[in-house]
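The values are calculated or read from the model by the stated rules, or taken from the named source; none is laboratory data. This is a predicted model, so every value here is computed, not measured. Virtual Cβ from ideal backbone geometry, glycine too; neighbours counted across all protein chains shown. These accessible areas exclude ligands, DNA and RNA; they are computed on the full protein's heavy atoms, side chains included. Shrake-Rupley method; radii C 1.70, N 1.55, O 1.52, S 1.80 Å.
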Amino acid sequence: MKNIFLFIRQYFNFISFILLQVVAIVLLTSSSKTHETFFAGAANDVTGNINSRYSKLRSYFNLAETNRLLAEENAKLRNELPSSFLSADSLRLTVKDTAVNDTLGRPRKYSFLPARVIGNTYTLQNNYLMLERGTLQGVKKGMAVTGPSGIVGVVVESTDHISRVMSLLHRNSKVSAMLKKDNISGSIEWDGADPSYLLFKNVTKSAKVAKGDTVVTSTYSANFPSQLIVGTVASITADPSSNFYTLKIKTATNFFTIQFVNVIENVRYTEQMQLENSGKN
């Protein structure tokens, strides 16, 4: 209390000046419509600016929840895409699949499950992501993982609640891909150099490829649905000792900031892999 009185005593003239200014402004605005309008407008500008900054700050801290809701909504919409179902072969006797059918009676081939990224590396030679979704939530080894902008990797291990994903930024990662404009296929790999770029190998020199061309997943992948974005062509290198190009691909996925993904299940993955592996024996 003593300090308060000392403060008032020390700054008495300044405090008196401020109080008299406030009183003068109040009297001026109450007696003059012009001044009342001016000060009301100034007050509205100040409070509006404060509210705008508060709203932006609040929106920033709500981004995580907003991203989570968007990821769930995207998974829901992807589950409704026609490409997530199989068209029945009208030339053969068909048996109803045990998977959920769409309104046209087509059995489902792909299911999309949203998941939060809780771990991610991109500076190593062999990089992984950790997802907060495991076997109890439907995740299995071999499932594909894609982000809001493009593909991310493949699930290699899953516990009850956590899954480990081999990132595209892994020296052992290989994904079948193709040029979107003419379906010429090749293999997506990583050379361990720049996390923003992948290599698209074994692209035939007959391809009319150009910088900026879009690269997507091919129909040959057992993990990924076709036509998912991989990235765009950044440079083209011709191998003089072969008939193939090696393309440098700018990744569509930003591996530095990714927070939410979709885990994709091919309901016929096991069947396809068993048949492919039987041919290797």
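So which residues in the stretch 120-139 are in contact with a His (Cβ under 8 Å, 6 or more places away or on another chain) and either open to solvent by less than 40 Å² (accessible area, probe 1.4 Å) or part of a strand (DSSP E or B) (or both)?
Residues satisfying the conditions are ASN126, ASN127, TYR128, GLY134.
Check VAL117, VAL165, VAL152 and return the single one that is in contact with a Ser or Thr (Cβ under 8 Å, 6 or more places away or on another chain), buried (at least 16 other Cβ atoms within 10 Å of the Cβ) and not in a loop (DSSP other than H, G, I, E, B).
VAL152
Please tell me if GLU189 is surrounded by 19 or more Cβ atoms within 10 Å (Cβ to Cβ), touching a residue at least 12 places away in the same chain (Cβ under 8 Å) and of a type in the set (D, E, K, R).
Values: surrounded by 19 or more Cβ atoms within 10 Å (Cβ to Cβ): yes; touching a residue at least 12 places away in the same chain (Cβ under 8 Å): yes; of a type in the set (D, E, K, R): yes.
In short, yes.
One line per residue, one yes/no per condition, for (1) under 18 Å from the mean Cα position of the chain (by Cα); (2) β-branched (Val, Ile, Thr); (3) modelled with pLDDT of 95 or more:
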{"residue": "VAL152", "(1), (2), (3)": "yes, yes, yes"}
{"residue": "VAL155", "(1), (2), (3)": "yes, yes, yes"}
{"residue": "ASP182", "(1), (2), (3)": "no, no, no"}
{"residue": "ASP213", "(1), (2), (3)": "no, no, yes"}
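Looking at the stretch 192-205, which of its residues are in contact (Cβ under 8 Å) with a residue 12 or more places away in the chain and surrounded by fewer than 19 Cβ atoms within 10 Å (Cβ to Cβ)? Full working, then the answer.
Kept after step one, since they are in contact (Cβ under 8 Å) with a residue 12 or more places away in the chain, are these residues of the stretch 192-205: 192, 195-205.
Selection gives GLY192, SER196, TYR197, LEU199, LYS201, ASN202, THR204, LYS205.
Scan the stretch 240-266 for residues that are assigned to a loop (DSSP other than H, G, I, E, B) and open to solvent by 60 Å² or more (accessible area, probe 1.4 Å) and jot them down.
If the condition is that a residue be assigned to a loop (DSSP other than H, G, I, E, B) and open to solvent by 60 Å² or more (accessible area, probe 1.4 Å), then PRO240, SER241, ASN243, ASN254, PHE256, THR257, GLN259 are the ones that fit.
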